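Working notes, beginning with the structure itself.
The values are calculated or read from the model by the stated rules, or taken from the named source; none is laboratory data. Just so you know, these numbers come straight off a predicted model, no measurement behind them. Glycine also receives a Cβ, built like all others from the backbone with ideal geometry; neighbour counts cover every protein chain displayed.
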Amino acid sequence: MADILQNILKFNPFKKDETSVLGIDLGSSSIKVVQLKRKKGRAVLETYGALALGPYAGLEVGRATNLSSDKIAEALLDLMKEANVTTKNCAISIPFRSSLVTLIDIPTLDQKKLAEMIPLEARKYIPVPISEVSLDWTILPKEYDQEVQFEGEPVDNEVDKDKKTTVLVVAIHNSVLNTYQDIVTKSSLHASFFEIEMFSAMRAVLENEQSPVMIFDMGAATTKLYVVEKGVIKNSHLINRGSQDITLNIASALNVPVDKAEKIKRAYAPNQKINDKDVKDVILLTLDYIFSETNSFILNYQKKYNKMILKTILTGGGVALNGLLEFSKSGFETDAVLGNPFAKVETPAFLEEILRLTGPEFSVAVGIALRKLQEFE
């Protein structure tokens, strides 16, 4: 397996020209693609697009799906044709829920002995036989390895940090990788690596923030939370609610079909009423739960590390909901801003406004395409 963690902590200048690459984000409710090329040291947008997966499963647009690799490949090929994709050189993101990311402290050893010890230590954190997963890891610099912890990990205050090395370990089940490789083959693509979506999102929306920042990634079925400090994920959390739940609540509360509820959600405007019911109140049924979970996550982090999270970056297709930024500013205990992944890419001036609005949906696809371009330095 290609190095999952290669180059996730920094974004390097480009050196060669005219190389096109494709970043692919296979979400639960849609596929997003972004094609970039390198020109005069800049990443340049060539094309992009998104396609709902619901219809391929006999469901409505916006619904989360569990499609076979055949169906996903079919949808991906349809999108590539529709978006006029011209390259087969690609990289694909893997959902956060399909991976395990953890940090382990091990004695400071030379590189050869570290490579031998890390798989042995990783066994303690992986709930399946080590032979069934593919492992990758990166050693964190000393300035990063203080008080770094992922959700559910015990805290060992007795560890002597001067004699320990902190290693970020990633595990992906081989069956997941085989499924993704099958999709690549059936789509006639060439993928040199797969990357967990959290790292792609980080690369796309973060600058050089030194203070803790939270990435709020809202998809159809889930909302992912990542706290990042100095380029390293210090904590993460998965909320089993997403934009699909807003649609289903609208359908139930207003007694309308799901496809109409999806249209109501997308066309939401302040003070909108349907069947004498305030649409905002229905939307907040879901958002209040997500915001409550998010604020608990933030407060627990701040209490544990005695550090304030002053900024939240909103990303993912779910944050395209009209008014979500305003809801977030009043619902979060931090300042909230929309992620703008296309800010790292040269784009046509006439697309600037639409890319600013749709950008959060394409954060993962942009992020993984940017890493793909780094292969051609």
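What to note about this one:
- Check on Asn322, part of a helix (DSSP H, G or I), without any contact (Cβ under 8 Å) to a residue 60 or more places away in the chain and closer than 29 Å to Arg63 by Cα: no
- Among the criteria (1) in a helix (DSSP H, G or I); (2) out of contact with any strand residue (DSSP E or B) (no Cβ under 6 Å at 6 or more places or on another chain); (3) over 30 Å from Gly23 (Cα atoms), the one Leu355 does not fulfil is (3).
- Strands (runs of 3 or more DSSP E) lying entirely in region 198-284 (those with 2 or more residues that are within 22 Å of Arg356 (Cα to Cα) and modelled with pLDDT of 95 or more): 213-218, 223-229
- Residue match in region 42-52 (condition: among the small types (Gly, Ala, Ser) and in contact (Cβ under 8 Å) with a residue 60 or more places away in the chain): yes
- The one condition in (1) touching a Phe, Trp or Tyr at 6+ places or on another chain (Cβ under 7 Å); (2) buried (at least 22 other Cβ atoms within 10 Å of the Cβ) that Lys71 fails to fulfil: (2)
- Among the candidates Leu168, Leu238, Leu189, residue that is aliphatic (A, V, I, L, M), surrounded by fewer than 21 Cβ atoms within 10 Å (Cβ to Cβ) and either under 17 Å from the mean Cα position of the chain (by Cα) or more than 19 Å from Leu314 (Cα to Cα) (or both): Leu238
One line per residue, one yes/no per condition, for (1) crowded, with 19+ Cβ neighbours inside 10 Å; (2) at pLDDT 95 or above:
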site	(1), (2)
Ile4	yes, no
Lys10	no, no
Ile24	yes, yes
Gln35	yes, yes
Ala57	no, yes
Ile92	yes, yes
Asp110	no, no
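- Filter result for Val366 (within 19 Å of the chain's Cα centre (by Cα), modelled with pLDDT of 90 or more and either part of a loop (DSSP other than H, G, I, E, B) or of a type in the set (Val, Ile, Thr) (or both)): yes
- A count restricted to region 60-96 and to residues that are out of contact with any helix residue (DSSP H, G or I) (no Cβ under 8 Å at 6 or more places or on another chain), free of Cβ contacts under 8 Å to residues at least 60 places away in the same chain and either part of a helix (DSSP H, G or I) or not small (Gly, Ala, Ser) (or both) stands at 5.
- Residue within region 59-71 that is modelled with pLDDT under 95 and basic (Lys, Arg) present: yes
- Sole exception among (1) over 25 Å from Ser175 (Cβ atoms); (2) in contact with a strand residue (DSSP E or B) (Cβ under 6 Å, 6 or more places away or on another chain) for Glu121, by number: (1)
- Test result for Ala261, touching a helix residue (DSSP H, G or I) at 6+ places or on another chain (Cβ under 7 Å), buried (at least 22 other Cβ atoms within 10 Å of the Cβ) and without any contact (Cβ under 8 Å) to a residue 60 or more places away in the chain: yes
- Only one of Leu310, Leu284, Leu299 that is surrounded by fewer than 20 Cβ atoms within 10 Å (Cβ to Cβ), over 22 Å from Glu207 (Cβ atoms) and touching a residue at least 40 places away in the same chain (Cβ under 8 Å): Leu284
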